[in-house]
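Novice: Quick one: this structure, given as structure tokens, is what I'll be asking you about.
The values are calculated or read from the model by the stated rules, or taken from the named source; none is laboratory data. Since this is a predicted model, take the numbers as computed values, not measurements. Cβ sites come from the backbone with ideal geometry, for glycine too, and all protein chains shown count toward neighbours.
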Amino acid sequence: MALIKSFTWKIILPSCVKATNKPSSKSKVHVSNQVSMQRLLLTDVSNPGSPISLNELSSSLVGSNLHVFTLKELQMITHNFSRSDYLGEGGFGKVYKGCVDDNLRPGLKAQPVAVKVLDVNGSQGHREWLAEVIFLGQLKHPHLVNLIGYCCEDEHRLLVYEYMALGNLHDQLFKNYSSTLPWLTRIKIAIGAARCLAFLHGEEKPVIYRDFKASNILLDSDYNAKLSDFGLATDGPQGEDSHITTCVMGTEGYAAPEYINTGHLTTMCDVFSFGVVLLELLTGRRSVEKNRCKREKDLVEWARPMLKDFTKLDQIIDSRLEGRYSTEGAKRLAAAAHQCLSHNPKSRPTMTTVVKALEPLLDLNDIPIGPFVYTVVPPGDHGHGQKSCGQKKNEKRGDGGKEKEDKKEEKGRNRRRKRRCVRVVRSRDVYSDTALYKALGTSLYSPRN
Ligand SMILES: Nc1ncnc2c1ncn2[C@@H]1O[C@H](COP(=O)(O)OP(=O)(O)OP(=O)(O)O)[C@@H](O)[C@H]1O
Ligand SMILES: [Mg+2]
């Protein structure tokens, strides 16, 4: 991260120091001609030899219709970034809800928006902001969140997106205690996200997303999945190159093993991360659950052996589904996840293949619609009643010593209750895993990235 920050934003975009809304027509024509044939790459803008000013940046993202907002305007639409408009916070900074319409800019559709404000003291900075503007400003897809505009004034960096009413998949899957995502909704989300990755990888110049995880999958009011957060995205290898080498960035539990070990980044790293999200959808468990016993902490390590053994599959499927899932669909989803999670990146499928494998799952109609069965969930289990390491042991031993085991279980429950308290306190803090890898592997940094 330190090395990335060594590209100061003044070098990359000299005119960022003062933002205005009137681009110079001379440079506009020049840059437009330059990029109209091909997508503007992040490296084009990062190259100090060919600096593109803020005004030129906006006009060079041909056809993107990005609006350049002033800080004052964004303060106004979020009631000065008020608590009541607060949506959440990640590694980039806080996110607020606001509304825009054509009073703000002629032709601007009246709609709710999400305004992301860079925390100038945080771990992310201009590079992440720029990546978001460059990628989302040019790439348009039904499963990509729409970037409406941005603000770049002095050291302030803000992003304005379409508002996604149901927030992110991570919260829907793991923090919604009142209801659970139905099976077909999970499939729909997986397909949407897979289509988006297939689109990114299939570009003439492939884009590696690099931070694919449940919290970066946003959901609209119909559970349509849209990817956001291109802060870590990068242009993929071109020509003869099979990979690019870069410092290791991403999120614990989602990053591909070869990337963590070598810094070699390919589109197959995204495929691995996609496999992790498939597992989260299947099991209702987070990619890393530090409070579980050693064997179960890492979702991939725990679940992988059971993905190919269909007789064991029901042991890992999210118990909150209460059996209401397609058995055939679960098998196929598990098989797809297993392939995506292959140790060898070359054995992983392309995202286009994954889309083709998942789409038919929406049509399987073997989902039981029997009577609702209420299951009592032990406290501390967050409603995910999969067998824990301890529970399994009890079953093996039979009823002898049950009293002893009951006492042990009670102790365990108390411990879990205590742990739960710790988690609640933590969730009030900024919780961004993205930074985790940033500290590692800076020696793998290559100036290309
Ligand atoms: N376009 C949007 N519409 C509605 N809510 C959004 C939008 N973008 C982000 N949010 C919400 O804002 C919060 C912070 O999101 P953000 O993407 O910055 O962080 P994150 O993904 O949780 O963490 P990380 O920094 O590790 O990616 C999340 O709760 C997210 O759901
Ligand atoms: Mg995010």
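Novice: Within the bounds of the range 200-216, is there any residue that is more than 16 Å from ligand 1 (Cβ to nearest atom), crowded, with 19+ Cβ neighbours inside 10 Å and assigned to a helix (DSSP H, G or I)?
Specialist: yes
Novice: Using the structure shown, decide if N216 is out of contact with any Asp or Glu (no Cβ under 7 Å at 6 or more places or on another chain) and not hydroxyl-bearing (S, T, Y).
Specialist: no
Novice: Taking the criterion of being outside any helix (DSSP H, G or I), in the same structural domain as C340 (by TED's automatic domain parsing) and over 14 Å from the mean Cα position of the chain (by Cα), would at least one residue in the range 182-198 satisfy it?
Specialist: Yes, the range 182-198 has at least one match.
Novice: Moving on. Report whether or not V113 is within 11 Å of ligand 1 (Cβ to nearest atom), touching a residue at least 60 places away in the same chain (Cβ under 8 Å) and of a type outside the set (F, W, Y).
Specialist: For V113, the condition - within 11 Å of ligand 1 (Cβ to nearest atom), touching a residue at least 60 places away in the same chain (Cβ under 8 Å) and of a type outside the set (F, W, Y) - is not met.
Novice: Scan the range 98-110 and tell me whether some residue there is outside the structural domain of M249 (by TED's automatic domain parsing), within 14 Å of ligand 1 (Cβ to nearest atom) and at pLDDT below 95.
Specialist: No, that holds for no residue.
Novice: Mind checking which residues of the range 83-95 are away from ligand 2 (no atom under 15 Å from the Cβ) and either within 17 Å of H156 (Cα to Cα) or assigned to a strand (DSSP E or B) (or both)?
Specialist: Passing the criteria: only Y86.
Novice: Answer yes or no: is there a residue in the range 98-107 that is farther than 30 Å from A336 by Cα, among the acidic types (D, E) and free of Cβ contacts under 8 Å to residues at least 12 places away in the same chain.
Specialist: yes
Novice: Which one is surrounded by the fewest Cβ atoms within 10 Å (Cβ to Cβ) among residues in the range 224-244 that are within 15 Å of the chain's Cα centre (by Cα) and away from ligand 1 (no atom under 11 Å from the Cβ)?
Specialist: By that ranking, first place goes to N224.
One line per residue, one yes/no per condition, for (1) within 16 Å of ligand 2 (Cβ to nearest atom); (2) in contact with a strand residue (DSSP E or B) (Cβ under 6 Å, 6 or more places away or on another chain); (3) aromatic (F, W, Y):
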residue: T185; (1), (2), (3): no, no, no
residue: G192; (1), (2), (3): no, yes, no
residue: R195; (1), (2), (3): no, no, no
residue: A198; (1), (2), (3): no, no, no
residue: A214; (1), (2), (3): yes, no, no
residue: D229; (1), (2), (3): yes, no, no
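Novice: Among the residues of the range 142-181 satisfying the criterion of being part of a loop (DSSP other than H, G, I, E, B) and acidic (D, E), which is farthest from ligand 2 (Cβ to nearest atom)?
Specialist: Result: D154.
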